[in-house]
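Following: one structure in structure tokens, then a few remarks.
The values are calculated or read from the model by the stated rules, or taken from the named source; none is laboratory data. Just so you know, these numbers come straight off a predicted model, no measurement behind them. With ideal geometry, Cβ positions are generated from the backbone for all residues, glycine too; neighbour counts draw on all protein chains shown.
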């Protein structure tokens with residue numbers, strides 16, 4: 001049977017594929033806070049509420065004061081994960097590039113920093129792998145997603161030095177990838193997620 005001819009079946013297949021490869025972070029929150037009787041503990045629920053409130057506040061702040069250097073979208077069904085797009089820093093081999101990725105927030109946010117995964121081939125970091133942003137090693141709870149995204153933009157033109165998720169291309173190859181990145185947004189995940197990626201690409 002050709003599933004693509006049946007929208008409902010296609011949707012189920014997309015959601016199953018995404019859940020299988022990227023289980024939502026908030027589900028682990030719920031499992032950890034559930035007692036044997038199935039009732040969530042009060043401290044656990046309060047912590048989840050605090051994290052969600054913090055993420056909602058940061059998201060509103062970004063949308064009310066947008067940046068020329070990046071854009072992001074929160075997944076409707078999983079506020080612990082956002083899609084983002086950054087513009088390559090001017091005066092570097094990344095200038096003019098549009099680089100898409102995912103932000104995943106830990107249960108302990110903002111005590112611990114978010115993690116980043118790039119979806120666009122870029123010449124600095126591997127795609128579909130968590131990457132290391134050196135500035136986030138000194139992460140403080142007072143920092144925000146905005147700070148983390150700027151840290152990523154600043155990290156792109158630095159020497160990789162064998163760090164987690166890094167690759168090393170020459171400048172000419174990296175410039176070619178920057179040009180290529182503008183042509184189209186990467187394809188990733190469900191149709192809902194792809195819609196967010198495409199919206200970000202239009203903005204960037």
Looking at the range 118-130, can you tell me whether even one residue there is at pLDDT 95 or above, assigned to a helix (DSSP H, G or I), surrounded by 15 or more Cβ atoms within 10 Å (Cβ to Cβ) and touching a strand residue (DSSP E or B) at 6+ places or on another chain (Cβ under 9 Å)? no
Can you find a residue in the range 156-169 that is under 23 Å from residue 81 (Cα atoms), buried (at least 18 other Cβ atoms within 10 Å of the Cβ), free of Cβ contacts under 8 Å to residues at least 60 places away in the same chain and under 16 Å from the mean Cα position of the chain (by Cα)? yes
Quick one: is residue 96 in a loop (DSSP other than H, G, I, E, B), on the phi > 0 side of the Ramachandran plot, surrounded by fewer than 20 Cβ atoms within 10 Å (Cβ to Cβ) and modelled with pLDDT under 95? no
Filter the range 99-116 down to the residues that are part of a strand (DSSP E or B) and more than 19 Å from residue 69 (Cβ to Cβ), then identify the one that is nearest to the chain's Cα centre (by Cα). 104
Can you name the condition, by its number, that residue 82 falls short on among (1) out of contact with any helix residue (DSSP H, G or I) (no Cβ under 7 Å at 6 or more places or on another chain); (2) part of a loop (DSSP other than H, G, I, E, B); (3) under 15 Å from residue 54 (Cα atoms)? (2)
Condition set part of a loop (DSSP other than H, G, I, E, B) and in contact with a helix residue (DSSP H, G or I) (Cβ under 6 Å, 6 or more places away or on another chain), scope the range 132-166, selection modelled with the lowest pLDDT: answer is 133
Count of residues meeting criterion [part of a strand (DSSP E or B) and modelled with pLDDT under 95] in the range 34-77: 2
Residues being closer than 25 Å to residue 170 by Cβ and over 14 Å from the mean Cα position of the chain (by Cα): count how many of those fall in the range 127-142. 2
